[in-house]
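The values are calculated or read from the model by the stated rules, or taken from the named source; none is laboratory data. Model, not experiment: these values are computed from the prediction. Positions of Cβ are generated from backbone atoms using ideal geometry, with glycine treated the same way; all protein chains shown enter the neighbour counts.
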Amino acid sequence: MDNNQSINQYLKAFYSDGYRIGMGASGKVNSQEILFSAIEEMYRQVDDLTDSVSELANREKNSIDCKKGCHWCCHQPVFALNYELDYLKHFIKNTFPIEKQKEIKERARTKVKKLQGLHNEDLLNSKHACPLLENGACIAYRARPMACRIYLSTNVKTCLKFYNKPDDKNNYPALLDFPMQAGRMMNEGFKSALKTSGFKPEEFRIEEKLI
């Protein structure tokens with residue numbers, strides 16, 4: 001079995017894991033507690049994977065550059081599914097006082113206005129801070145969506161260059177491919193499970209749901 005076949009088998013396993021977790025909430029999506037518990041389990045599994053990848057990279061002296069205070073990726077549009085963003089909103093509501101919630105919503109409105117009318121590459125290459133970014137860190141880190149959890153770079157210089165020159169087609173952040181694919185596959189499995197009960201997953205940018 002070659003390396004690509006092995007990777008494909010692992011990715012199928014992540015899809016199956018996501019589907020299994022999602023089936024635990026399928027038909028019960030009206031129960032916030034059950035749905036959010038399933039989302040937390042999915043996130044835990046992905047976090048365990050990214051921790052393992054980071055440890056392996058460190059042992060091989062190819063460390064992950066992502067750390068608190070590095071926030072270049074937090075200025076680009078982040079897309080997530082509605083159930084993830086409902087979970088994020090629930091976290092914000094139960095973590096922050098009313099005034100801070102209002103502040104987050106206002107920053108979200110500002111970003112929506114800035115991105116209004118942008119499409120395709122213009123949208124993807126736009127650079128405006130996430131409404132949850134404060135002092136170089138995510139204030140809702142524990143509840144961040146899948147897209148944020150699987151974005152791992154091995155070279156912060158490529159992230160900085162992408163931030164400063166997003167139109168440069170010869171540059172893109174040096175991201176680890178496997179955790180990104182694995183996280184996406186797990187979320188696809190989770191989404192497919194929810195759809196069996198008639199739930200309609202939809203994708204939004206973070207700021208769109210926060211308002």
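Taking residues in the range 100-119 that are under 14 Å from Q76 (Cα atoms), and partners anywhere that are of a type in the set (V, I, T) and at pLDDT below 95, the pairs with Cβ atoms closer than 6 Å and at least 6 places apart or on different chains are A108/I211.
Any idea which residue in the range 25-35 is surrounded by the most Cβ atoms within 10 Å (Cβ to Cβ), counting only those that are among the hydrophobic types (A, V, I, L, M, F, W, C) and outside any helix (DSSP H, G or I)? By that ranking, first place goes to A25. For the range 157-184, taking the residues that are within 29 Å of Y15 (Cβ to Cβ), aliphatic (A, V, I, L, M) and out of contact with any strand residue (DSSP E or B) (no Cβ under 8 Å at 6 or more places or on another chain), the one that is surrounded by the fewest Cβ atoms within 10 Å (Cβ to Cβ) is identified as M180. When G22 is tested against the conditions (1) touching a Leu at 6+ places or on another chain (Cβ under 9 Å); (2) of a type outside the set (A, V, I, L, M, F, W, C); (3) more than 18 Å from L81 (Cα to Cα); (4) part of a helix (DSSP H, G or I), the lone failure is (3). Scanning the range 176-198 for residues that are modelled with pLDDT of 95 or more and aromatic (F, W, Y) yields a single hit, F190.
I need the helices (runs of 4 or more DSSP H) fully contained in the range 44-156, keeping only those with at least 1 residues that are crowded, with 16+ Cβ neighbours inside 10 Å, in contact with a helix residue (DSSP H, G or I) (Cβ under 7 Å, 6 or more places away or on another chain) and of a type outside the set (V, I, T).
Values: elements: 82-95, 98-115, 120-124, 146-149.
Where helices (runs of 4 or more DSSP H) fall fully within the range 44-156 and carry at least 1 residues being crowded, with 16+ Cβ neighbours inside 10 Å, in contact with a helix residue (DSSP H, G or I) (Cβ under 7 Å, 6 or more places away or on another chain) and of a type outside the set (V, I, T), they are 82-95, 98-115, 146-149.
Yes or no: A38 part of a strand (DSSP E or B), surrounded by 17 or more Cβ atoms within 10 Å (Cβ to Cβ) and in contact with a helix residue (DSSP H, G or I) (Cβ under 7 Å, 6 or more places away or on another chain)? Judged against the criteria, A38 is not a match.
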